[in-house]
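What follows is one structure encoded as structure tokens, with my remarks underneath.
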Amino acid sequence: MPELPEVETTRRGVAPHVEGRVLETVRVRETRMRQPVPADLAARLEGRILCAIRRRAKYLLFDFPNGTLIVHLGMSGSLRVLPTDTPPQKHDHIDLIFEGDACVRLRDPRRFGLMVWTSADPLAHPLLAHLGPEPWDPKFSADYLTALAQARPGPVKNFLMDGAVVVGVGNIYASESLHRAGIHPTRPARRISRARYAGLVLAVREVLDAAIQLGGTTLRDFTQEDGKPGYFRNELRVYARAGEPCLQCGGTHIRQRVIGQRMSYFCPVCQR
DNA sequence: CCGGACGCCTGTCGGC
DNA sequence: TGCCGACAGGCGTCCG
């Protein structure tokens with residue numbers, strides 16, 4: 001899926017087309033997602049103005065005057081902005097059709113994503129309430145990571161991908177951030193110094209910022225709102241590069257190994 | 001409380 | 001060429 005940069009890319013791409021516009025029609029072709037798409041979605045949304053699209057972690061929040069549509073892209077989801085008369089293809093599950101011929105279309109082949117409604121504060125919704133800080137939140141600091149890590153004997157990669165620690169860092173950007181910070185992904189989180197966590201905080205922000213600038217990373221399913229892929233794939237230094245030379249040291253080939261049930265990539269020389 | 005294993009889905013790819 | 005298993009960007013749940 002979309003990790004944070006892909007979700008933010010989607011938000012930035014979609015928002016200018018539809019913010020401030022009336023949502024005229026909701027078309028749901030498939031309700032079977034991670035959670036069922038609510039049957040009353042059209043009744044709640046049609047005729048309402050979309051105030052803004054926010055992002056929290058990997059969730060998109062479509063704010064309407066009467067509540068918020070919470071969208072998650074799962075592993076294979078994407079949103080496109082298309083002319084209203086564009087015929088849907090396989091796995092195009094939901095259309096939000098706005099005035100001015102702008103159709104926001106959700107495609108999600110694996111249906112791990114979701115689209116649910118809340119009339120209350122979306123940040124207090126059970127899906128969002130227990131999430132950790134955004135990567136750019138000052139709270140996400142070396143002191144914070146060092147303190148949390150003391151209770152975490154497991155691999156730092158798992159620690160970094162835990163949404164209660166920091167949000168938005170998935171499998172690609174965990175490997176990339178750890179490589180840039182020179183930290184081995186299997187190193188126990190509690191065995192990492194405050195100084196190295198300071199470097200990791202910077203590395204995470206640097207990688208995510210750069211990825212957002214390039215429209216995210218497309219491995220397979222992800223597309224930007226206009227259908228283009230994310231170009232950060234060309235900037236990946238370790239992810240999916242097993243066997244290739246490390247761009248940092250040049251003399252070592254990138255290893256791959258399953259850590260916490262997820263494939264991980266690292267340079268055994270640059271990362272300790 | 002924690003981490004680890006597993007399941008949810010479909011599509012694709014590599015090996016035989 | 002076809003079949004079959006492994007694997008894929010996430011995350012909630014269950015179990016020990």
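The values are calculated or read from the model by the stated rules, or taken from the named source; none is laboratory data. Nothing here was measured: the structure is a model prediction, and the numbers come from that model. Every residue, glycine as well, gets a Cβ built from its backbone with ideal geometry; the counts of neighbours run over all protein chains shown.
Quick one: residue A:257 ticks every box in (1) in contact with a helix residue (DSSP H, G or I) (Cβ under 9 Å, 6 or more places away or on another chain); (2) in the same structural domain as residue A:174 (by TED's automatic domain parsing) except a single one, so which number is it?
The one condition residue A:257 does not meet is (1).
Could you list, in sequence order, the residues of region A:226-257 that are of a type outside the set (Gly, Ala, Ser), within 12 Å of DNA strand C (Cβ to nearest atom) and more than 24 Å from residue A:8 (Cβ to Cβ)?
The answer is A:256, A:257.
Take residue A:195 and tell me if it is of a type in the set (A, V, I, L, M, F, W, C), in a helix (DSSP H, G or I) and in contact (Cβ under 8 Å) with a residue 12 or more places away in the chain. Can you show your working first?
On the way: of a type in the set (A, V, I, L, M, F, W, C): yes; in a helix (DSSP H, G or I): yes; in contact (Cβ under 8 Å) with a residue 12 or more places away in the chain: yes.
Answer is yes for this residue.
Results for (1) outside the structural domain of residue A:107 (by TED's automatic domain parsing); (2) within 21 Å of residue A:271 (Cβ to Cβ); (3) among the aliphatic types (A, V, I, L, M), shown as yes or no for each residue.
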residue: A:207; (1), (2), (3): yes, yes, yes
residue: A:212; (1), (2), (3): yes, no, yes
residue: A:230; (1), (2), (3): yes, no, no
residue: A:236; (1), (2), (3): yes, yes, yes
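Go through (1) touching a Pro at 6+ places or on another chain (Cβ under 7 Å); (2) in the same structural domain as residue A:174 (by TED's automatic domain parsing); (3) more than 14 Å from DNA strand C (Cβ to nearest atom); (4) not small (Gly, Ala, Ser) for residue A:157 and report which single condition fails.
(3)
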